[in-house]
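Taking it in order: structure first as structure tokens, then the write-up.
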Amino acid sequence: MQDSGIEPPSLLAESDLELIDALQISPRASWVEVGAAVGADPVTAARRWQRLTSTGEAWTTVALGPRQMHALSMAFLEIDCAAGAAAEVAAALARERHLITVQHVAAGHDLFVIAVAPSMAALADHVLTALPRVPGVAKVRTHVATRVFEASCRWRLRVLPPRTAAALARRPAAPESTREMDEIDRRLFTALLPDGRAPYAELARAVGTSERTVQRRLTRLVATGDLDFRCDLARSHAGWHSAALLWLRMPDALLEETGRALLGWPETRTCAALAGPRNMLLTVGLHGVADLHPLVVRLEERFPHVTVADRQIVLRQSKLYGRLLDPYGRCAEVVPVDPWSLPSAA
């Protein structure tokens, strides 16, 4: 094997895992709150977080909230590539701002991609005309999401005691209104992508408004479910060395009940209902590939109405919610997510 020049990961210290878990529970919590949760003073907690972000081992970012996930159009794409072209295609697609996840999979196709667009017309225009023209793309199969139960914002390490976790849990204020996101809201979303913990003063400069306005807008956007926050990490550094995609089939009447129940599973990353005969996609984190079989057994025992139609191991993740990843899952570069970047088709 050719030496990539990138050092393989080592497991993070327990204190680092606790810090990351605290920020997964509440990504914008103050350092006073975070320090109290992990048993460190605020300065020490902030310094440790700076070290983790500087090495690309962990990061925070903004995410689309459940209301936006319902308003936008999402699709899961299975992409066949020309022989030997998968790496180049993945690198090109990872640069696209409306493609939030790009993975190499062990399957009958080469890549698994998650696309988000402002409308079904814009999504259709992309997958029917733009995507097939990308050099190296041979075939695209599209699975349209009809309901997104979870898109990896709730997944966490679960190393903090339940009482500590409960104290950190976010309690959004009651929404002031339910108006649609405007241009300033979208600029605020973009400004938060590189760092979900960016201070209000920095955000105010980026969007051209006051700190008070930024704080008020953020509070409203989180409360209405337009925005959410997430804390991610190089998962192999925490012992999560593998991941898989499970394509499920079940009676449509049981989709809602099953999707909601799967949100409580510690392995669940993304869960969505689909329009096709394989009508649910579940992506899971695994400590190792051998964990896939016990998980499938547990799934079929817990949900007798579910058939696992297909399963695919993730070989490598090239992009995760706006982050380009190195071969070991560390953040190498930010490519901001922008679901509104696709022009609406006429």
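The values are calculated or read from the model by the stated rules, or taken from the named source; none is laboratory data. Computed from a prediction, not measured in an experiment: that's the story for all the values here. For neighbour counting, all protein chains shown are included, and Cβ atoms are generated from backbone atoms with ideal geometry for every residue, glycine included. Ligands, DNA and RNA are excluded from the accessible area calculation, which covers all protein heavy atoms including side chains. Shrake-Rupley method; radii C 1.70, N 1.55, O 1.52, S 1.80 Å.
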**Complete:** A careful count of residues in region 296-336 that are assigned to a strand (DSSP E or B) and free of Cβ contacts under 8 Å to residues at least 12 places away in the same chain gives 1
**Prompt:** Could you say whether any residue in region 332-345 is at pLDDT below 95 and either at positive phi or open to solvent by 70 Å² or more (accessible area, probe 1.4 Å) (or both)?
**Reply:** yes
**Item:** Unmet criterion (only one of (1) of a type outside the set (A, V, I, L, M, F, W, C); (2) open to solvent by less than 20 Å² (accessible area, probe 1.4 Å); (3) over 23 Å from L23 (Cα atoms); (4) in contact (Cβ under 8 Å) with a residue 60 or more places away in the chain) for G276
**Value:** (2)
**Prompt:** Could we say that L292 is part of a strand (DSSP E or B), open to solvent by less than 40 Å² (accessible area, probe 1.4 Å) and touching a strand residue (DSSP E or B) at 6+ places or on another chain (Cβ under 6 Å) here?
**Reply:** no
**Asked** Can you name every residue in region 241-259 that is touching a residue at least 60 places away in the same chain (Cβ under 8 Å) and of a type outside the set (A, V, I, L, M, F, W, C)?
**Response** S242, R249, E256, G259
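Out of everything in region 185-235 that is basic (K, R) and not in a helix (DSSP H, G or I), what residue ends up being most open to solvent (accessible area, probe 1.4 Å)?
Of everything passing the filter in region 185-235, R197 is most open to solvent (accessible area, probe 1.4 Å).
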**Message:** Quick check on my filter: what residues within region 79-88 are surrounded by fewer than 21 Cβ atoms within 10 Å (Cβ to Cβ) and either under 25 Å from M280 (Cα atoms) or β-branched (V, I, T) (or both)?
**Reply:** D80
**Message:** Can you find, within region 53-71, the residue that is nearest to A238 (Cα to Cα) among those that are among the hydrophobic types (A, V, I, L, M, F, W, C) and surrounded by 21 or more Cβ atoms within 10 Å (Cβ to Cβ)?
**Reply:** A58
**Message:** Which condition from (1) open to solvent by 30 Å² or more (accessible area, probe 1.4 Å); (2) part of a loop (DSSP other than H, G, I, E, B) is the one that E256 breaks?
**Reply:** (2)
